[in-house]
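A.B. asks: This is the structure I have questions about; it appears just below.
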Amino acid sequence: MRSHYCGELNASNISQEITLCGWVHRRRDHGGVIFLDVRDREGITQVVFDPDRADSFALADSVRNEYVVQLKGLVRARPEGTVNPNMNTGEIEVLGTELQILNAAQTPPFQLDDHQNVGEDVRLKNRFIDLRRPEIQQKMRFRSKVTSLLRRYLDDNGFWDTETPILTRATPEGARDYLVPSRTQQGSFFALPQSPQLFKQLLMVSGFDRYYQIAKCFRDEDLRADRQPEFTQVDIETSFMSEEQIIAMTEEMIVSVFKELLNIDLGSFPRMPYSEAMESYGSDKPDLRIPLTLVTVSDLMQGVDFKVFSGPAKDPKGRVAALKVPGGNSLTRKQIDDYTKFVGIYGAKGLAYIKVNDKSNLEEGLQSPIVKFLPVDVREALLTRLDAQDGDLIFFGADSEKVVNEALGALRCKLGEDMDLYTCEWAPLWVVDFPMFEETSDGGITAIHHPFTAPSCSPEELKASPLTALSQAYDMVLNGTELGGGSIRIHESSMQETVFELLNISAEEQEEKFGFLLDALKFGAPPHGGLAFGLDRLVMLMTDSLSIRDVIAFPKTQSATCLLTQAPGEVSDKQLKELSIRVRKPVVE
Ligand code: ASP
């Protein structure tokens, strides 16, 4: 129906007869001449209708925004002084000769140019219109280029694109399952996959050697800004490759995508052990663009007469850490109060600080509500350890290790953003040597990655000291965001059983939930490992989007609903009956 896309026309098309199809972006009546800006996914072209072609002129006069039209016309240079250098098509216009309305449109709930002035809920409810916005279309096009390049890389490296089931059993990745009731086996449920983890491992047992899938994953968890209940992973698994080789290959893949699409050279990624990430950055996904680090000062604070510090300093699970902000002396009382509230979100009960006005004067030169509690020798040791200079501000976190890491880790990122401390645009790294397990609040243990991750030690060593054992897991982190994570897997059933036992999964439960995996590991499972990248997050970072919803065609809200289709919705009694399900209405308080 068209000869060209609207956005494709330029001076080289002058004098050509063309046919365009698209949406009326804007209609203007300029003293007897009608201008239509006609839009398609490639851009916008200005079309002029003169009154001397009465039919098309009358039609052009009648169209409204978002009407769908087809038109014929002649491309000509724009008159001098009307060239628009901000538009790809700004040098030309089309003199319209024929116009056909293919479909009318009601007045849209918001004008595309005016989307900032409506709430996101209005845009999500009318997503089919929102997705017409050129910025969002560019992001979706970019996403498609990313997947296409990733596929090409993986195809070229011998990976087989293999689909795995959506209706399946639980695949534990630490979230709740989305369940689907079975009609044919009433009372039984499928779980939607939290990831294809177990299937990809089985494919390795089957000798596929290299697998990938751009896979939908489903996790029912409390949503944060950069999470969606269903999201997309670039899921990868390989056999007979070492951790080193998997890291090298997938790093090369990500580097090549950045190079090709953004012309950015990410260089070679540094590696950081998990312990260092937590110690210096309070996070297992440190944002290395920010030059601030956490420094432990527990040893200095053990003897001070200030319980807020000495308590956590003496507690083996506590930590006292300092965060030096060079030049932070200029922060106002109000700013410090706001940061105190901010760390409260992470459980910190306060935010002690010292302003270093004159480091040569340890009696008078330090300004702080708490400095009186610190003997002069402690003040001196502190300034030396932090290499503090006049004009610096030192924040403190003193609590359980977890609270200090989370609070100061988040404060570090917030200060980086607020004070624009970034030293570079892109800071990738691999975090390695994760512990196998961590303690839960009820004193049990849980896998840090998932229970199929191989430890770096023997089953005996693991049993003897589960909380200090390291795993062969690795995460790729970019600008403080976890882009991907994976591990070498357990490929021997005895080791897998040991891990299940440590996780307090009984033999019956192991058999019931993971019998097929344990069986497969007994029938010649090769050493294998892999990882998965979060595609949505990758595209979000690459397009510099503020929200993950900007790079997903039909996203859900933070309360896991789809405003467009109104899913989840109620179902008919008949359907429930077929499934043998009776719904207990939630009690409204
Ligand atoms: N299945 C893991 C995840 O979803 C990734 C992996 O270990 O390959 O995080």
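The values are calculated or read from the model by the stated rules, or taken from the named source; none is laboratory data. Here the structure is a predicted model, which is why all the values come from computation and not from measurement. Using ideal geometry, Cβ is built from the backbone for each residue, glycine included, and neighbour counts are taken over all protein chains shown. To get the accessible areas, we keep the full protein, side chains included, count just its heavy atoms, and leave off ligands, DNA and RNA. Shrake-Rupley method; radii C 1.70, N 1.55, O 1.52, S 1.80 Å.
A.B. asks: Please calculate how many Å² of accessible area the chain carries per residue, with a 1.4 Å probe and no DNA, RNA or ligand atoms counted.
C.D. replies: Solvent-accessible surface per residue comes out at 49 Å².
A.B. asks: Measuring from the lowest to the highest alpha carbon on each principal axis, how far does region 33-113 reach, largest first, in angstroms?
C.D. replies: Principal-axis extents of region 33-113 (Cα, largest first): 35, 31, 18 Å.
A.B. asks: From the mean inverse distance of alpha carbon pairs (Kirkwood) and the Cα radius of gyration, derive Rg over Rh for region 206-281.
C.D. replies: Rg/Rh: 1.03.
A.B. asks: Expressed as a fraction of 2.2 N^0.38 Å, the rule-of-thumb size for a compact globular protein of N residues, what is the C-alpha radius of gyration of region 508-564?
C.D. replies: After normalising by residue count via 2.2 N^0.38 Å, the value is 1.88.
A.B. asks: What lysines does LYS324 reach when the alpha-carbon gap must be under 30 Å and sequence neighbours fewer than 8 apart in one chain are set aside?
C.D. replies: Excluding near neighbours in sequence, the set is LYS285, LYS307, LYS314, LYS334, LYS341, LYS349, LYS355, LYS359, LYS372, LYS402, LYS414.
A.B. asks: Sticking with this structure for a sec: Measure nothing fancy, just the Cα-based angle from helix 401-418's long axis to the longest principal axis of the chain, in degrees from 0 to 90, nearest 10.
C.D. replies: Once rounded, the angle reads 40 degrees.
A.B. asks: Angle, helix 376-386 long axis vs. longest principal axis of the chain, Cα atoms, 0 to 90°, nearest 10?
C.D. replies: 40 degrees
A.B. asks: Once the cut-off is 28 Å, how many percent of the Cα-Cα pairs in region 1-144 end up in the long-distance tail?
C.D. replies: Working: 1868 of 10296 pairs.
The calculated P(r) of region 1-144 puts 18 percent of pairs beyond 28 Å.
A.B. asks: Shifting gears a bit: I'd like the carbon and sulfur percentage of the solvent accessible area for the chain, probe radius 1.4 Å, heavy atoms only, ligands and nucleic acids excluded.
C.D. replies: Values: 14520 of 29060 Å².
On the chain, the fraction of accessible area on carbon and sulfur atoms equals 50 percent.
A.B. asks: Hey, another quick one. Which value in Å does the Kirkwood hydrodynamic radius of the chain take, with 1/r averaged over all unlike C-alpha pairs and then inverted? Each step should come with its number before you reach the end.
C.D. replies: Details: mean 1/r = 0.0351 Å⁻¹.
After inverting the mean inverse Cα-Cα distance, the result is 28.5 Å.
A.B. asks: Count charges around ASN10 for me, please; just the other residues with Cβ under 12 Å from its Cβ, Lys/Arg as +1, Asp/Glu as -1. Display every interim value, and only then the final one.
C.D. replies: Details: positive: ARG78; negative: GLU8, GLU42, GLU91, GLU93.
The answer is -3.
A.B. asks: Once every DSSP H run of n ≥ 4 in the chain is given -39500 (n - 2.57) and the sum is divided by its residues, what mean residue ellipticity at 222 nm do you get, rounded to the nearest 500 deg cm²/dmol? Walk me through the intermediate numbers first.
C.D. replies: Values: 17 runs with 178 residues, N = 589.
After summing the helix terms and dividing by residue count, I get -9000 deg cm²/dmol.
A.B. asks: Starting from the Kirkwood Rh over alpha-carbon pairs, what translational D in µm² s⁻¹ does region 401-552 have by Stokes-Einstein at 4 °C and 1.567 mPa s?
C.D. replies: D, rounded to a whole number, is 72 µm²/s.
A.B. asks: Under the Kirkwood approximation for Rh and a Cα-based Rg, what ratio Rg/Rh is obtained for region 476-589? Before the final figure, lay out the partial values.
C.D. replies: Values: Rg = 21.5 Å, Rh = 19.2 Å.
Radius of gyration relative to Kirkwood radius: 1.12.
A.B. asks: Can you tell me which lysines have their Cα less than 16 Å from the Cα of LYS577? Leave out same-chain residues fewer than eight positions away.
C.D. replies: Once the sequence-local lysines are set aside, what remains near LYS577 is LYS585.
A.B. asks: Also: I'm a student and want to see the number: the projected area of the Cα convex hull of region 146-241, averaged over all directions, in nm².
C.D. replies: So the Cα hull casts an average projection of 7.7 nm².
A.B. asks: Over what distance in Å are the Cα centres of region 165-193 and region 112-151 separated?
C.D. replies: After rounding, the separation between the Cα centres reads 31 Å.
A.B. asks: Shifting gears a bit: Relative to 2.2 N^0.38 Å, what does the C-alpha radius of gyration of region 382-424 come to as a ratio? Two decimals please.
C.D. replies: This ratio for region 382-424 stands at 1.32.
A.B. asks: Could you tell me the convex hull volume per residue, in Å³, taken over the Cα atoms of region 455-502? Display every interim value, and only then the final one.
C.D. replies: Numbers: hull volume 4.0 nm³, N = 48.
Measuring per residue, one finds 84 Å³ for the Cα hull of region 455-502.
A.B. asks: Expressed as an acute angle from 0 to 90° and rounded to the nearest 10, what is the orientation of the C-alpha long axis of helix 333-344 relative to the principal long axis of the chain?
C.D. replies: 80 degrees
A.B. asks: Based on the Kirkwood radius over alpha-carbon pairs, what value in µm²/s does the Stokes-Einstein equation return for the translational diffusion coefficient of region 413-480 at 20 °C and 1.002 mPa s?
C.D. replies: Translational diffusion coefficient: 151 µm²/s.
A.B. asks: Among CYS562, ALA525, PRO586, whose Cα sits farthest toward the positive end of the charge dipole of region 525-589 (+1 at Cβ of Lys/Arg, -1 at Cβ of Asp/Glu, about the Cα centre)?
C.D. replies: Comparing the listed Cα positions along the dipole, PRO586 ranks first.
A.B. asks: Need the full-extension length gain, ASN361 to GLU80, defined as separation in residues times 0.36 nm minus the C-alpha distance. One decimal, nm.
C.D. replies: So the extension gain works out to 94.1 nm.
A.B. asks: Mind giving me the nanometre distance, one decimal, between the label points for SER465 and THR147, set 7 Å out from Cα along Cα→Cβ?
C.D. replies: Inter-label distance under the simple model: 4.6 nm.
A.B. asks: Something else now. Can you list the HN-Hα couplings for region 144-154, worked out from phi with the Karplus curve (6.51, -1.76, 1.60; θ = phi - 60°), rounded to whole Hz and with x for Gly and Pro?
C.D. replies: Calculated HN-Hα couplings, in order: 5, 5, 4, 5, 5, 5, 4, 4, 4, 4, 5 Hz.
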